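**Student:** Below you will find the structure I want to go over with you.
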Amino acid sequence: MILNEQIRQEITEVLRREVQRIKYFHSGRIAFTDLDQELPAIAVFIDEVYADEYTNCDDEFDAFVKVGIYLPLGAREDQLDLVAEEVSHALRRADLETVAECQLKRYTYDYDPNESAWVTSTLHYQVKFYN
């Protein structure tokens, strides 16, 4: 859906302007090819888009916008938390045009699948938007 890309792009641009600790910003999931050159990074991606079953029209949707923060292996959770705090403040202050509602619902930590390259945390935002 074209609107999904517009949502990702708008949120990515807000974060690019507001989050100082990050070098690289991606609209969509990341496939790293050179970690030394691509970290620290943020990726904005969308999961679980579904039509709101309580609406009278077919063009109201709910989704999860996820903001993944990727730091080099060896970074600590408190470093992820500092970036997550910047992301949270930036999106709380942002006047987004593409989404009607944006609420932080979860915050999680993880490692790359081999646990040898990066650490990550993800902010999970539930959003409502109209197509």
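**Student:** What is the residue count in segment 80-123 for residues that are of a type outside the set (Asp, Glu), in contact with a Lys or Arg (Cβ under 9 Å, 6 or more places away or on another chain), farther than 24 Å from Asp62 by Cβ and part of a helix (DSSP H, G or I)?
**Tutor:** 2
**Student:** Looking only at segment 57-68, decide whether some residue is without any contact (Cβ under 8 Å) to a residue 24 or more places away in the chain and over 21 Å from Ile2 (Cα atoms).
**Tutor:** No, that holds for no residue.
**Student:** Being touching a residue at least 60 places away in the same chain (Cβ under 8 Å) and aliphatic (A, V, I, L, M) is the filter here, so list the residues in segment 10-49 that pass it.
**Tutor:** Ile11, Val14, Leu15, Val19, Ile22, Leu35, Leu39, listed by residue number.
**Student:** Can you confirm whether Gln126 is assigned to a strand (DSSP E or B) and in contact with a Lys or Arg (Cβ under 6 Å, 6 or more places away or on another chain)?
**Tutor:** Numbers: assigned to a strand (DSSP E or B): yes; in contact with a Lys or Arg (Cβ under 6 Å, 6 or more places away or on another chain): yes.
Answer is yes for this residue.
**Student:** Let me ask you something else. Take Leu104 and decide whether it is within 18 Å of Glu18 (Cα to Cα) and modelled with pLDDT of 85 or more. Let's see the steps before the verdict.
**Tutor:** Working: within 18 Å of Glu18 (Cα to Cα): yes; modelled with pLDDT of 85 or more: yes.
The answer is yes for Leu104.
**Student:** Restricted to segment 107-131, and to residues that are surrounded by 16 or more Cβ atoms within 10 Å (Cβ to Cβ) and among the β-branched types (Val, Ile, Thr), which residue is modelled with the highest pLDDT?
**Tutor:** Going through the qualifying residues, I end up with Thr122.
**Student:** Name the one entry in Glu101, Glu85 that is over 17 Å from Leu35 (Cβ atoms), out of contact with any strand residue (DSSP E or B) (no Cβ under 8 Å at 6 or more places or on another chain), surrounded by 11 or more Cβ atoms within 10 Å (Cβ to Cβ) and without any contact (Cβ under 8 Å) to a residue 40 or more places away in the chain.
**Tutor:** Values: Glu101 fails: out of contact with any strand residue (DSSP E or B) (no Cβ under 8 Å at 6 or more places or on another chain).
Exactly one of Glu101, Glu85 is over 17 Å from Leu35 (Cβ atoms), out of contact with any strand residue (DSSP E or B) (no Cβ under 8 Å at 6 or more places or on another chain), surrounded by 11 or more Cβ atoms within 10 Å (Cβ to Cβ) and without any contact (Cβ under 8 Å) to a residue 40 or more places away in the chain, namely Glu85.
**Student:** Scanning for something farther than 20 Å from Asn4 by Cα, in contact with an Asp or Glu (Cβ under 6 Å, 6 or more places away or on another chain) and touching a residue at least 40 places away in the same chain (Cβ under 8 Å), does segment 107-126 turn up at least one residue?
**Tutor:** yes
**Student:** Within segment 65-89, take every residue that is among the small types (Gly, Ala, Ser) and within 12 Å of the chain's Cα centre (by Cα) and give me the one that is nearest to Val44 (Cα to Cα). So that I can check it myself, show each step before the final result.
**Tutor:** First, the residues of segment 65-89 that are among the small types (Gly, Ala, Ser): 68, 74-75, 84, 88.
With within 12 Å of the chain's Cα centre (by Cα) added as a condition, the list becomes 68, 84, 88.
Details: Gly68: 6, Ala84: 13, Ser88: 13 Å.
It comes out as Gly68.
**Student:** Looking at segment 22-51, which of its residues are out of contact with any strand residue (DSSP E or B) (no Cβ under 8 Å at 6 or more places or on another chain) and either surrounded by 12 or more Cβ atoms within 10 Å (Cβ to Cβ) or among the hydrophobic types (A, V, I, L, M, F, W, C) (or both)? Working first, answer last.
**Tutor:** Filtering segment 22-51 down to residues out of contact with any strand residue (DSSP E or B) (no Cβ under 8 Å at 6 or more places or on another chain) leaves 31, 33-34, 36-37.
Of everything in segment 22-51, just one residue is out of contact with any strand residue (DSSP E or B) (no Cβ under 8 Å at 6 or more places or on another chain) and either surrounded by 12 or more Cβ atoms within 10 Å (Cβ to Cβ) or among the hydrophobic types (A, V, I, L, M, F, W, C) (or both), namely Ala31.
The values are calculated or read from the model by the stated rules, or taken from the named source; none is laboratory data. Please read these numbers as outputs of a predicted model, since none were measured by experiment. As a convention, Cβ positions derive from the backbone with ideal geometry for all residues, glycine included, and neighbour counts pool all protein chains shown.
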